[in-house]
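**Student:** Here it is, the structure in full.
Derivation of every value follows stated rules applied to the coordinates shown; laboratory data play no part. The structure displayed is predicted, hence computed values, not measured ones. Glycine also receives a Cβ, built like all others from the backbone with ideal geometry; neighbour counts cover every protein chain displayed.
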Amino acid sequence: MKIIQKGTTLLLLLTLAACSTNAVTIDKISDQVATQGARNYLNSTINNHDVWFAHVDVLQQGLISGNDKALEVLAKLRTVSDAGASTTIDFMVARAIPDNPRIVSKSVECGFRLDAICNIPFIEEEQAVVDKYISETRAALKRRESDGDMLAGKCFDILESRTTRTAE
């Protein structure tokens, strides 16, 4: 019985070690984009929904935490993406604004259009989630604007024009 327990424990540890080395990271995604090229990487990952969503989650967390490499990867992908992937990428940047409003200026420096990221990044979502996003984004952008970030102020104005239209 002890041999079986030790064997099971060893198998579990080896499985965990293998999983941890295969974990998706921003660095691994960046390396894949560099090796395969942005278009090939995008085409291969989008066709495998599980992989695509795992990579989107990792990159989204990177944007929220202020990881510049996540933004750089997405900027490369944005240049070769179709309309659906472009919308996803723009929404990812927009969803990071409440936690990382500095991303507005950084994303414009990386080639993103202000009107694409200063948006309500939801297609079908509960109104409470949308309202919370708008409230938190407005506050974050106003803080950045008061610190002298003029693009944050422009982003606030764009968002305001869209929320006013939405409310009517």
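**Student:** Please work out how much length the chain gains when fully extended from Arg162 to Lys142, using 0.36 nm per residue of separation minus the C-alpha to C-alpha distance, in nm with one decimal.
**Tutor:** Result for the pair: 5.6 nm of gain on full extension.
**Student:** Could you tell me which of Gly62, Val130, Thr35 has its Cα farthest along the dipole of the chain towards the positive end, charges placed at Cβ (Lys, Arg +1; Asp, Glu -1), taken about the Cα centre?
**Tutor:** Thr35
**Student:** Placing unit charges on C-beta atoms (Lys and Arg positive, Asp and Glu negative, everything else neutral), compute the dipole magnitude of the stretch 46-145 about its Cα centre in debye, rounded to 20.
**Tutor:** Here the stretch 46-145 has a charge dipole of around 480 debye.
**Student:** How large is the dipole of the chain about the Cα centre if only Lys and Arg carry +1 and Asp and Glu carry -1, each at its Cβ, rounded to the nearest 20 debye?
**Tutor:** With only Lys, Arg, Asp and Glu charged at Cβ, the dipole is about 520 debye.
**Student:** So what's the angle, to the nearest 10 degrees on a 0 to 90 scale, between helix 68-78 and the longest Cα principal axis of the chain?
**Tutor:** 80
**Student:** Still on this structure, I have one more. With θ taken as phi - 60° and the coefficients 6.51, -1.76 and 1.60, list the Karplus ³J(HN,Hα) couplings across the stretch 54-66 in order, rounded to whole Hz; mark glycine and proline as x.
**Tutor:** Rounded to whole hertz, the list is 5, 5, 4, 4, 5, 5, 4, 5, x, 4, 4, 7, x.
**Student:** Between the helical axis of 83-96 and the dominant principal axis of the chain, each derived from Cα atoms, what acute angle in degrees is found, rounded to the nearest 10?
**Tutor:** That helix lies at roughly 80 degrees to the long axis.
**Student:** Give me the distance between the Cα centres of the stretch 32-61 and the stretch 91-147, rounded to whole Å.
**Tutor:** 23
**Student:** Among Pro98, His49, Leu114, flag the residue with its Cα farthest along the positive direction of the charge dipole of the chain, charges on Cβ as +1 for Lys/Arg and -1 for Asp/Glu.
**Tutor:** His49
**Student:** What list of ³J(HN,Hα) couplings, whole Hz, do you get for the stretch 120-132 from phi and the Karplus terms 6.51, -1.76, 1.60, once you set θ to phi - 60° and write x for glycine and proline?
**Tutor:** Working through the residues one at a time gives 8, x, 9, 9, 10, 9, 4, 4, 4, 5, 4, 4, 5 Hz.
**Student:** In the stretch 57-158, which chymotrypsin sites (Phe, Trp or Tyr not before Pro) are in a loop and have at most 12 other Cβ atoms within 10 Å, using DSSP for the loop call?
**Tutor:** none
**Student:** Have a look at Ser105, Ser30, Ser146 and tell me which one the Gaussian network model of the chain (Cα, springs below 10 Å) gives the largest fluctuation.
**Tutor:** Ser146
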